[in-house]
Amino acid sequence: MAPIGLLLILSVFYFYPVLSLPDQQITVLSNIATDCGFTWTPGVQCGATSSDALSKTKVVCAFNATISDFTVTELSIESTNKCSLRNEFNSLPDLKTLNMYSLNMMNVPQTIYTHTSIETIFYSSSLSTDLVYSMTTGDGTNDYTRMTSLKVFHIESASGVVPKLPNTITEFYCYSTGVPALQVVPSLPMDVFSVNLRIFLAVFHTKISSPSSLLDINIFDLAPNMVSFTIYSPSYPVKFSNFFNPPASLTTLSLYLLDVDDKNIPSVDQVNWGNLVVLLLYQLQLKGTVDPRLFQLKSLTYVELSENPALQGSIPTSIGEPASQIYNLNIRNTAFSGQIPSNFLDSKILMLDFRGTQLSGALPTSFMCFPNSVFETNAVNPKFLFDDNKFSNYQGPSSYRNCTPQITSVVPDFLTSGDTTFAIHGVSLGTTSTLTRVSLTNNVGTSVGLTCVINKLSSLITCYNPNIQGYGQLSVQVLNEANPLPITSIGYGYRKPEIYYISTVPTLGGRLTVYGVNLFMRDKVSSGNKITIGSQECQDLRVEIPFGSASCLVPQGIQSLGDVNIYVEGQSNGADNTIKFNYRGPTVNSPILIGPNIATDITLTGKDFWNDTSLVTVTIDEDIDCSVKSVNHNTIVCTVPPTPFSAGSKNIQINVNGQISPTNSLFQLADPQYCPNACGTDGFCDLTVGFCICKTKFGPACDLDSAPITVDVADTPMVKLANNINPESIMTTQLLSVVENSVETSINGWTPNKISDLLTSYSWTGPSGQSVVVYIRKNTNIGMDKIGYENITYPANSFTYSVKYNKSPSSESLKSLQFKFSSSATPDECQPPPQSFAYATGQSTDLHWSLMTKYGVQYHTRFPLVALVNNNADLRGNVQVNPITQTGNLSTLLINVNSYSTNSVEFQYDMAVYGTSVPRLPILDGCILNNNNNNVNPSSTNSNNWKIGVGIGVGIGGACLIGAVAFIFRQKLKMKKTQSLLDKKLAEMNNKL
């Protein structure tokens, strides 16, 4: 296996191949290296640099698609041997930038000053003044106008004659050497003054000879887009007023040593200098009084009026106001007088030179805390230069200055965990961030230096919140040469922790969580961090959410331990913010259903029951005492005395040492109307569906066995349910119509599809595009369907009738939706057969199932528990049924979907046949019957058994309910089935499927 280092090296060479150059360009670069005494590293190629790591020499390339090769676009050359360049730059046709350092350029090669691609020429010498860029071309013409791409001409250490340049120039910089023998012939390159020029800087140490003056020439008329204009030429005549109204683009105006025609300083009303950032009027022999509004110009940051001895003025207070942008002010050797305003350093001033002025009085105290170094001439930033002994409290850079910092206020008064910063106000607080030290120490000894910003020199500091918490001392120390260093302190820190609420803890013990603000930032790191309950410290402290919640471990118990207090770095929540700790009260979660009038032992499950029967009582519905036999934290066994039946759910109240369980509705007495005799000893009754959950089956009673059935289907979803108990009796059921927004549509023209011997589907599409699909399935064994989140278990020897509806795609969601069904049993009788209804005692709604007896046969119909609305398992409102009519053996009913915005719905029910020990013969006397055909069609107009119900959507009273036998579909509200014994039994049965 190769070493990792070797693999890395190989990968670098693989992904970064050598970028080679054309041979001619390699030759040029090789010659330069030879002539200038260096070696290209790592070789003559793109990206190469000098072997001297400090050298500026480098090669930059770009890909040229025309020649399909890389080519040099930028070349920087630095020489240490005063080398000259050969006349071979035509071999670098794509060269854009040529930078030269300390080369001998007394004669510029022709292939440079005629190059048509170079955009930038830069020359500077760092060795000696005899290395100059002569600006003289090899042919003596000094003509650079053939450089049609040239934009930037930047020459330092220039000599000779300023050349003719193309009008493509955007930036012109020319610095003469200052050595008389090598002076440049001072002339302004007037050709560069065009609409393209942005920056012009010319520094000539002698008077410009051509043009002889700028008295009759306004530079800004020739170059109206300039951003910066600087000219330095002793005694060169100019017309001062030509600079009063520069173009709006100009931000820098610097005039040095010029002979202005009018020596009076203009007022702000006479000039248009509102966009200037830099204004420099150096040694122009100006006189008059400076308009104080000059220092209020919105953009000015740098103002120099030095070496104008007759120029008068005073320092306005506006310089220290927030609107002022001035950070550098130089009025050296002027006639400025008066005192320096006390707010002078409140804004942005960092550099000033007031030497040689008539200013007097005392320096503002804000200067007193600076170190000696800032008053020295070699200071950089800040830099404050004054005459010695000119001011009453300043005798020179090294003299004593009284620096007495003082904190007057801190905002906010107390820190919180949500504060990002805080502000310190005061006097003589320090100067710059590097010369001021701010620290915060809390009352448990934690001390940190803060990260701060000086907003106003000596008077306002903003610091970032270190979040050390606790309360202690805030200190500001000035780092000057005083011994000891000036310091001021004030009591300061964090707002005390505050508890909002606490979690409950089980009687078996566990973690107590405290919620609030200004809590712990990190897990316990000092003795000042703890949670106490009463007099005991809570163990195993842990931060859950920094500043927001923390937890600790509480042992098992049942008695209150006292108040909860939290200590954060020694600072507590205080007596007015305590919360009393109590162990969690009992909670019962087991539903109980027992038969009436029988003493019954019940087992309650839940939590926090403790383990002492003497401290636990159980009461049902406030007046039924359940005698506690045993208790063990999560289980209670108690005896319910014989109790008469009463409808409804009842509260099971558990009292553990005074802690009361939440109100619930978990206790019920079995309604004999649902499950006669509470299903006997072989099962129990579940009120959710009104079924007996028996040892080996489930159904209307534990002593009934379902019988094999025959499901006869035809071209319409009409089911004929026959049986082997009495073949003479047949039950028939079908869907007749759908009612959408109170408009009824009869369903005809079904399309059947036999999927298997046990399953057939029927589909119908209505005139508006709505659709209904009915599935009829024979169930030979017990099984389960899933509708949404719910599991629907069905018995063996039954059939399932499933309906799926979708509205018309072009219609809006339905505000009301109903389905009309019919059922009948043959043979016809002169009186309705006896029927049983699983209503709650005393109620005529919320039907769970029905039984109808015919001959020795009982037809059992179980109504659906769940309807799925809009394919959303969470949309499960009520489904209600309104029986419409019953004529003889024929019943009709209306199923109402209680949803105000329905797009689709799905529900199902099942039917089964049971035998009866009490045979019953049909009543055939007293009327005229037609029993020639057992297949009675309720939609036939010849059958007087059928009447179309009227008043759709109108509630039918209890009288109609008495005769109703049918498929009343009531969609149940979402129930916590995990708390139902039915669920437990059904789950056991389903797992065996």
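The values are calculated or read from the model by the stated rules, or taken from the named source; none is laboratory data. Remember, predicted model here, so these are calculated numbers, not experimental data. Don't worry about glycine lacking a Cβ; one is built from the backbone with ideal geometry, like all the others, and counts go over all protein chains shown. What goes into the accessible areas is simple: the full protein's heavy atoms, side chains included, and nothing from ligands, DNA or RNA. Shrake-Rupley method; radii C 1.70, N 1.55, O 1.52, S 1.80 Å.
General observations
- With the convex hull drawn around the C-alpha atoms of the stretch 366-407, the volume per residue stands at 70 Å³.
- Per-q log10 I(q)/I(0), the stretch 411-563, q = 0.10, 0.11, 0.19 Å⁻¹ (Debye; single scatterer per alpha-carbon; no solvent): -0.46, -0.53, -1.08
- Alpha carbon Rg of the stretch 341-389, scaled by the compact-globule rule 2.2 N^0.38 Å: 1.09
- Annotation: amide H of ASN651 within the under-5 Å range of ASP621, sequence separation 5 or more or interchain, hydrogens built in the peptide plane.
- Three-way shape label, the stretch 190-268, alpha-carbon gyration tensor, a/c 1.5: oblate
- Viscosity 1.306 mPa s, 10 °C: Kirkwood-radius Stokes-Einstein D of the stretch 392-447 over Cα pairs, µm²/s: 111
- With θ taken as phi - 60° and the Karplus curve 6.51 cos²θ - 1.76 cosθ + 1.60 applied, the whole-hertz 3J(HN,Hα) list for the stretch 394-403 is 8, 10, x, x, 9, 6, 5, 10, 7, 9 Hz, x standing for glycine and proline.
- Stretch gain in nm, segment THR317-THR600, where the contour uses 0.36 nm per residue and the Cα spacing is subtracted: 92.4 nm
- Here the Karplus curve 6.51 cos²θ - 1.76 cosθ + 1.60, taken at θ = phi - 60°, turns the phi angles of the stretch 278-285 into couplings of 10, 10, 10, 10, 9, 6, 9, 6 Hz, with x standing for Gly and Pro.
- The calculated P(r) of the stretch 271-401, using every Cα pair and 10 Å bins from 0, goes 13, 46, 35, 6, 0 in percent.
- When a 1.4 Å probe is rolled over the protein heavy atoms, the share of accessible surface on the stretch 15-84 that falls to carbon and sulfur comes to 56 percent.
- Nearest-0.05 FRET efficiency for THR421 and ASP625, computed from C-beta distance (R0 41 Å): 0.05
- The charge dipole of the stretch 456-557, taken about its Cα centre with unit charges on the Cβ of Lys, Arg, Asp and Glu (plus for the first two, minus for the last two), comes to roughly 100 debye.
- Each eigenvalue of the Cα gyration tensor of the stretch 279-327, multiplied by 5 and square-rooted, gives one semi-axis; in descending order these are 20, 12, 8 Å.
- A Förster radius of 35 Å combined with the Cβ-Cβ distance from ALA62 to VAL277 puts the calculated FRET efficiency at roughly 0.50.
- Taking the inverse of the mean reciprocal distance over all distinct Cα pairs, the Kirkwood hydrodynamic radius of the stretch 534-679 comes to 17.9 Å.
- Residues with amide H under 5 Å from that of LEU150, placed H, sequence gap 5 or more: none
- Considering only Cα atoms, the convex hull volume of the stretch 483-605 works out to 147 Å³ per residue.
- Accessible surface, the stretch 268-398, averaged per residue in Å² (probe 1.4 Å): 40
- Residues with amide H under 5 Å from that of THR421, placed H, sequence gap 5 or more: ASN465
- Residue-by-residue Karplus 3J(HN,Hα) for the stretch 744-760, coefficients 6.51, -1.76, 1.60, Hz, glycine and proline x: 8, 10, 5, 9, 10, x, 6, 10, x, 8, 7, 7, 7, 5, 9, 9, 9
- Calculated over the stretch 341-427: convex hull of Cα atoms, volume per residue (Å³): 121
- Computed over the stretch 422-471, Kirkwood Rh from alpha-carbon pairs, angstrom: 11.3
- Using alpha carbons only, the radius of gyration of the stretch 71-129 set against its Kirkwood radius gives Rg/Rh = 0.95.
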